[in-house]
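Chemist: Dumping the structure here so I can ask a few things about it.
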Amino acid sequence: MSLINVLYVEDDPISREVMELLCDLELEGINLSMFEDSADFIYRLEKLPAQPDIFLLDIHIRPIDGFEMLDQIREHPDFKDAKVLALTASVMNEEVQTLKQAGFDGGIAKPIDAVDLYDIFSRVIAGEKVWHIT
Amino acid sequence: MQADSTKVRRFSVNVKLLSLTFAAIMIVATVQTFLNIRYARQRNQVDEERRLSALNDDFTSQVQLLGKTAAALSDGFANRADIKRYVTTQDRWSLLAELVPILTTLKADYDAPSLYILNPDGSVFLRTDDPNIYGDSFVYRRNTLTDVITTQEIVTGIELDPNRLGVRAIAPMFQDDDLIGLVEVDLDFNQLFFETLKARNNADYAVWLTRGATTQIPWLSYEETSVLSSSQLVYLTGTYEARLPIADTVYDGVLASGNPRTQFVVSNGDDLAVWIAPIKDYNDRTIGIIEIARSRSEALSALRNDQYKILLGAGFSLLLALVFAGAFTHLIVLRPLKHLTAVAQQQSQGDLTARVEWLPHDEFGQLGTAFNQMTAQLARLIESLEQRVKERTRDLDVASQVSRQITRVLDLDELLQHLANLTREGFDLLNVSLFLHESTTRTFKLVASSGKAAEIMLNVGMQWRSEDPGLVALAARLNTLQVVNNILESDVSLGNPLLPDTASEAALPIRFGKLLIGMLHLHSAHTDYFTDEHVDVLTTLSDQIAIALRNAQLFSAAQEAVQEAERANRVKSQFLAAMSHELRTPLNGILNFTRFVSSGMLGSVNEKQVDVLTKVSASGKHLLALINDVLDISKIESGSLSLFVENDIDLAHEINEVVATGRALIENKPVELHLILDENLPLVRGDRRRLRQIVMNLVSNACKFTEEGQITVTARHTENNQILVSVQDTGPGITPDHGESIFEVFTQTEVGLRHGEGTGLGLPISRRLAEAHDGQLWFESIPGQGSIFFVSIPVPRVPVTPAPAAENQESIL
């Protein structure tokens with residue numbers, strides 16, 4: 001099992017803590033980094049010791065939202081191959097459709113179901129688009 | 001094209017008239033000519049017959065004359081004393097000397113006269129032509145002689161023999177009453193007679209003897225032959241030799257009857273009239289035939305000349321008649337007709353001022369006058385018709401514009417002003433005012449006005465009550481149309497000082513059914529402006545305005561309702577989206593933290609704590625399910641549920657997973673869960689998550705309500721190309737009084753309620769989701785024994801091929 005580098009951008013401290021505990025206690029092979037906001041996103045991204053294989057982006061976040069972050073990642077030469085997932089509590093079809101059209105590689109709905117997480121990551125890295133919205 | 005056909009028509013009238021005249025004259029001339037010719041021919045034949053008959057009489061009288069001459073001569077000689085003496089004395093030569101000079105005298109007047117002195121027995125005493133011959137019996141004269149000797153009277157008659165045609169007379173000679181001798185005088189027909197006949201009458205002739213007459217003893221043959229026939233005829237003398245083409249029967253007839261006949265024949269191109277008469281001897285016996293043929297060619301040619309003259313005359317008359325007819329038709333018929341035609345053409349091209357100016361004192365003059373009157377009438381009619389059409393068109397145009405405006409403009413104030421403008425402009429009115437009734441104040445208030453006084457009246461806010469004076473108030477009071485076509489003669493019209501030019505006015509009620517809702521007040525600058533036709537259209541207009549008012553009111557009410565509904569829906573959607581979002585985030589913490597603790601990863605937990613934490617987790621999950629269901633049902637109810645449609649959904653796979661989940665739910669119950677799947681179930685098209693949600697709902701319900709026994713899940717491909725999934729349980733079943741109510745939102749059975757689980761939304765959502773996939777969801781149940789739920793999902797007609805990258809399509813339920 002190879003190590004997956006994951007960057008989670010989330011302004012809700014509870015959600016960050018859940019993810020941190022998940023990765024510490026239940027999931028193996030995930031190297032998690034987290035931003036509590038999207039300020040200086042690219043700058044901070046470039047400073048990371050390991051380039052993320054997977055981005056987990058909250059959508060409703062400041063100063064720039066998930067869609068803007070997605071665009072910046074896609075435009076950055078170093079992250080062309082990175083996979084970007086939306087982690088959102090907005091699961092209405094219209095909202096999911098917007099995410100798909102924006103070009104996300106997949107989506108995970110809150111509440112997070114720990115059992116599926118590593119599997120989802122693996123499939124996304126393999127090139128599959130995974131929408132785990134339940 | 002039109003000019004050509006007109007020309008042809010005019011020409012044809014001319015030709016017809018002339019042809020008719022020509023034909024009539026032709027017929028008359030032909031008939032007359034024919035009759036003339038016929039009559040002339042008949043007359044010519046009668047003439048010829050008469051002429052020939054005269055010739056015959058001539059011939060007969062010549063014969064008689066000749067006979068009398070011969071008789072007189074013979075009698076004279078028989079009574080001469082010297083001749084008697086010489087006979088008595090038998091002094092032949094003296095007698096000869098005496099007779100020769102007489103004979104010479106006779107020869108001067110007659111061809112070949114013969115003078116014989118016979119003995120009483122008939123033998124020859126002296127032949128003057130040959131005195132040396134005497135004493136022979138002369139038997140060929142025996143009959144004649146016998147008669148003379150017997151009767152002792154003179155006998156005279158035609159004598160024919162092969163050599164001559166003439167008469168013979170034999171006279172008895174007496175001496176003291178004793179027959180002493182006979183004197184025979186033969187006189188031939190003078191050749192001159194026939195020549196004269198021919199020259200004078202242009203006639204040829206022929207004399208035919210019967211065969212008997214050609215013999216040397218003709219008298220005998222007379223006795224022997226009782227019936228004479230044409231076959232016995234032998235040509236004796238005449239001016240033509242060939243027999244004419246006359247039938248033998250004609251000769252037979254003449255010979256048998258002894259009566260003459262006339263024949264008309266053509267011989268060698270000559271037209272002949274032929275007289276065929278019998279020749280009779282002194283005893284009235286027919287001994288031959290004389291045939292006189294007279295050429296008719298001259299007469300006929302004269303006749304033909306007459307015919308030509310007649311034809312020429314007819315032709316000339318015809319020509320004259322044609323000229324007269326042409327002139328007549330031209331002068332009397334065609335000229336007036338042409339004139340009429342020209343005028344009619346002018347009129348047909350739209351010039352109704354054209355009039356027939358040439359009016360002779362005849363039928364054409366009357367026709368022209370009538371035509372002029374008709375034209376004038378027509379012009380008046382067309383004028384009035386044009387006027388009426390113009391008015392009607394304008395009226396209808398206004399009405400249709402109003403209708404269009406009614407459907408287009410839905411803002412009431414704008415619409416009413418528009419209608420007022422349209423009505424005024426369309427009907428050329430001075431002013432149009434529209435009042436609406438306000439039931440609270442019982443007043444009619446001006447809401448729209450168009451025209452000279454409109455602005456002032458609107459600014460003033462003109463209003464009145466039905467008990468006020470004036471035409472419009474009267475009309476409102478009576479709830480009927482009121483018209484004053486001349487306000488000077490009316491005691492109702494008040495006269496609006498703002499509209500001093502008003503000459504007539506009309507007031508029309510605007511009604512919903514019988515309810516008066518407003519008034520239309522119209523002012524015109526012309527007297528008698530509001531005719532019945534105008535009023536009809538205006539009434540229709542006021543009805544239209546009523547409809548417009550109703551529509552506008554309904555529309556504004558409906559629009560408000562729609563706007564309200566849309567706003568509420570928007571708020572609801574926003575609320576639901578926010579609620580979902582805001583609830584899911586804390587649930588993320590609750591569910592995950594609970595699991596972290598209960599799993600013992602964060603430190604040891606006792607059994608009691610695990611039990612509590614499990615209940616926390618379950619409650620959290622229930623809450624999440626509730627959130628999802630509420631979200632779903634609200635989307636379904638607002639019609640905004642959307643499916644993520646994929647083409648290659650393997651329902652078997654989904655059912656397997658659902659059943660696996662279901663097994664976890666019955667772990668602690670004596671319930672068996674069976675799964676029976678058809679092999680090779682076809683792929684279906686739909687929303688994978690939603691299809692799974694349906695099956696999950698049915699299986700979890702079965703697991704929830706079945707305390708013991710078994711649950712059987714099946715899936716098969718039906719004959720009508722559907723996948724039919726059934727979930728059968730041995731639970732409590734559903735009583736009939738619940739029936740379809742289990743598909744109603746927030747409805748749970750008592751059992752369901754007792755369970756304290758579920759939202760009451762699962763089945764309604766599932767059914768709607770099945771329907772969204774063009775499928776159905778239904779159940780059968782026996783209370784106390786169990787239930788079986790069915791869901792059918794149609795299989796696409798074209799077998800779906802698994803798409804490598806199933807691009808989701810969205811469809812809205």
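The values are calculated or read from the model by the stated rules, or taken from the named source; none is laboratory data. Not measured: the values here are computed from a predicted model. All Cβ positions, even for glycine, are placed from backbone atoms using ideal geometry, and neighbour counts span all protein chains on display.
Chemist: Contact list please: Cβ distance under 7 Å, first residue in region B:61-86 and closer than 14 Å to residue B:180 by Cα, second residue among the acidic types (Asp, Glu), pairs at least six apart or on different chains.
Modeler: B:82/B:98; B:83/B:98; B:86/B:98
Chemist: Oh, and also: Considering only region A:47-95, state which residues are in a helix (DSSP H, G or I), among the charged types (D, E, K, R) and within 14 Å of another protein chain (Cβ to nearest Cβ).
Modeler: Once the filter is applied, which keeps residues that are in a helix (DSSP H, G or I), among the charged types (D, E, K, R) and within 14 Å of another protein chain (Cβ to nearest Cβ), region A:47-95 yields A:94, A:95.
Chemist: A follow-up question, please. Is it true that some residue in region A:73-84 is among the aromatic types (Phe, Trp, Tyr) and in contact (Cβ under 8 Å) with a residue 12 or more places away in the chain?
Modeler: yes
Chemist: Another question, then. Looking at (1) away from every other protein chain (no Cβ under 14 Å); (2) assigned to a helix (DSSP H, G or I), which is the one condition that is false for residue B:669?
Modeler: Failing condition for residue B:669: (2).
Chemist: Let me ask another. Test of understanding: among B:485, B:551, B:496, which residue is touching a Phe, Trp or Tyr at 6+ places or on another chain (Cβ under 7 Å) and touching a residue at least 40 places away in the same chain (Cβ under 8 Å)?
Modeler: On inspection, the qualifying residue turns out to be B:485.
Chemist: Does region B:494-536 hold any residues that are modelled with pLDDT under 85 and within 15 Å of residue B:473 (Cα to Cα), and which are they?
Modeler: Hits for region B:494-536 are B:494, B:495, B:496.
Chemist: Okay, next question. Evaluate the following for residue B:473: is it buried (at least 18 other Cβ atoms within 10 Å of the Cβ) and assigned to a strand (DSSP E or B)?
Modeler: No: the conditions fail for residue B:473.
Chemist: Here are some conditions: (1) in a helix (DSSP H, G or I); (2) more than 11 Å from every other protein chain (Cβ to nearest Cβ); (3) buried (at least 16 other Cβ atoms within 10 Å of the Cβ); (4) touching a Phe, Trp or Tyr at 6+ places or on another chain (Cβ under 9 Å). Residue A:98 meets all but one. Which one does it not meet?
Modeler: So the condition that residue A:98 fails would be (3).
Chemist: Quick check, is residue B:624 within 12 Å of chain A (Cβ to nearest Cβ) and within 27 Å of residue B:707 (Cβ to Cβ)?
Modeler: Yes, satisfied.
Chemist: Within the set of pairs 6+ apart or on separate chains, which have a first residue in region B:375-401 that is more than 17 Å from residue B:346 (Cα to Cα), a second that is exposed (fewer than 13 other Cβ atoms within 10 Å of the Cβ) and not small (Gly, Ala, Ser), and C-beta atoms under 8 Å apart?
Modeler: B:388/B:533; B:391/B:533; B:392/B:533; B:395/B:533
Chemist: State whether the residues of region B:652-659 include one that is part of a strand (DSSP E or B), modelled with pLDDT of 90 or more and either more than 14 Å from every other protein chain (Cβ to nearest Cβ) or under 14 Å from residue B:713 (Cα atoms) (or both).
Modeler: no
Chemist: While we're on this one: Please go through region B:518-534 and pick out each residue that is in contact (Cβ under 8 Å) with a residue 24 or more places away in the chain and either surrounded by 21 or more Cβ atoms within 10 Å (Cβ to Cβ) or not in a loop (DSSP other than H, G, I, E, B) (or both).
Modeler: B:518, B:519, B:520, B:521, B:522, B:523, B:524, B:529, B:530, B:533, B:534
Chemist: Restricting attention to region A:33-46, report how many residues are assigned to a loop (DSSP other than H, G, I, E, B) and touching an Asp or Glu at 6+ places or on another chain (Cβ under 7 Å).
Modeler: Here the count works out to 2.
Chemist: Restricting to region A:25-46, name every residue that is hydrophobic (A, V, I, L, M, F, W, C), farther than 18 Å from residue A:85 by Cβ and more than 14 Å from chain B (Cβ to nearest Cβ).
Modeler: Of everything in region A:25-46, those that are hydrophobic (A, V, I, L, M, F, W, C), farther than 18 Å from residue A:85 by Cβ and more than 14 Å from chain B (Cβ to nearest Cβ) turn out to be A:39, A:42.
Chemist: Take the residues in region B:92-118 that are farther than 17 Å from residue B:130 by Cβ and exposed (fewer than 13 other Cβ atoms within 10 Å of the Cβ); name whichever of them is nearest to the chain's Cα centre (by Cα).
Modeler: B:109
Chemist: Taking region A:1-24 as the region of interest, how many residues are within 14 Å of another protein chain (Cβ to nearest Cβ) and either basic (Lys, Arg) or surrounded by 15 or more Cβ atoms within 10 Å (Cβ to Cβ) (or both)?
Modeler: Number of matching residues: 12.
Chemist: Residues in region B:65-87: is at least one at pLDDT below 85, part of a helix (DSSP H, G or I), charged (D, E, K, R) and within 30 Å of residue B:302 (Cβ to Cβ)?
Modeler: Looking through region B:65-87, none of the residues is at pLDDT below 85, part of a helix (DSSP H, G or I), charged (D, E, K, R) and within 30 Å of residue B:302 (Cβ to Cβ).
Chemist: Give the residues of region A:101-131 that are more than 10 Å from chain B (Cβ to nearest Cβ) and in a strand (DSSP E or B), sorted by residue number.
Modeler: The answer is A:106, A:107, A:108, A:130.
Chemist: Also, I was wondering about something else. Determine whether region B:29-44 contains at least one residue that is among the hydrophobic types (A, V, I, L, M, F, W, C) and over 60 Å from the mean Cα position of the chain (by Cα).
Modeler: no
Chemist: Looking at (1) free of Cβ contacts under 8 Å to residues at least 60 places away in the same chain; (2) surrounded by 17 or more Cβ atoms within 10 Å (Cβ to Cβ); (3) more than 25 Å from residue A:42 (Cβ to Cβ), find the lone condition where residue A:114 falls short.
Modeler: With (1) free of Cβ contacts under 8 Å to residues at least 60 places away in the same chain; (2) surrounded by 17 or more Cβ atoms within 10 Å (Cβ to Cβ); (3) more than 25 Å from residue A:42 (Cβ to Cβ) applied to residue A:114, the lone miss is (1).
Chemist: So which pairs qualify, if the first residue must be in region A:14-32 and without any contact (Cβ under 8 Å) to a residue 40 or more places away in the chain and in a strand (DSSP E or B), the second must be among the small types (Gly, Ala, Ser) and surrounded by fewer than 19 Cβ atoms within 10 Å (Cβ to Cβ), the Cβ gap must be under 7 Å, and the two must be at least 6 apart or on different chains?
Modeler: A:31/A:50
Chemist: Could I ask something else about it? Those residues that are touching a residue at least 60 places away in the same chain (Cβ under 8 Å) and among the basic types (Lys, Arg), I need them from region B:246-302; list them, please.
Modeler: B:280, B:285, B:294, B:296
Chemist: A follow-up question, please. Residues to consider are B:631, B:643; find the one that is within 14 Å of another protein chain (Cβ to nearest Cβ), buried (at least 16 other Cβ atoms within 10 Å of the Cβ) and in a strand (DSSP E or B).
Modeler: Testing whether each residue is within 14 Å of another protein chain (Cβ to nearest Cβ), buried (at least 16 other Cβ atoms within 10 Å of the Cβ) and in a strand (DSSP E or B) leaves just B:643.
Chemist: Quick check on my filter: what residues within region B:566-612 are within 11 Å of chain A (Cβ to nearest Cβ), touching a residue at least 12 places away in the same chain (Cβ under 8 Å) and closer than 20 Å to residue A:89 by Cβ?
Modeler: Answer for region B:566-612, where residues must be within 11 Å of chain A (Cβ to nearest Cβ), touching a residue at least 12 places away in the same chain (Cβ under 8 Å) and closer than 20 Å to residue A:89 by Cβ: B:573, B:576, B:579, B:580, B:583, B:584, B:587, B:590, B:591, B:594, B:595.
Chemist: Just the residues that are within 12 Å of residue B:461 (Cα to Cα) and in contact (Cβ under 8 Å) with a residue 60 or more places away in the chain, please, taken from region B:437-446.
Modeler: B:444
Chemist: Okay, moving on. Any idea how many residues of region B:709-745 are in a loop (DSSP other than H, G, I, E, B) and hydroxyl-bearing (Ser, Thr, Tyr)?
Modeler: 3
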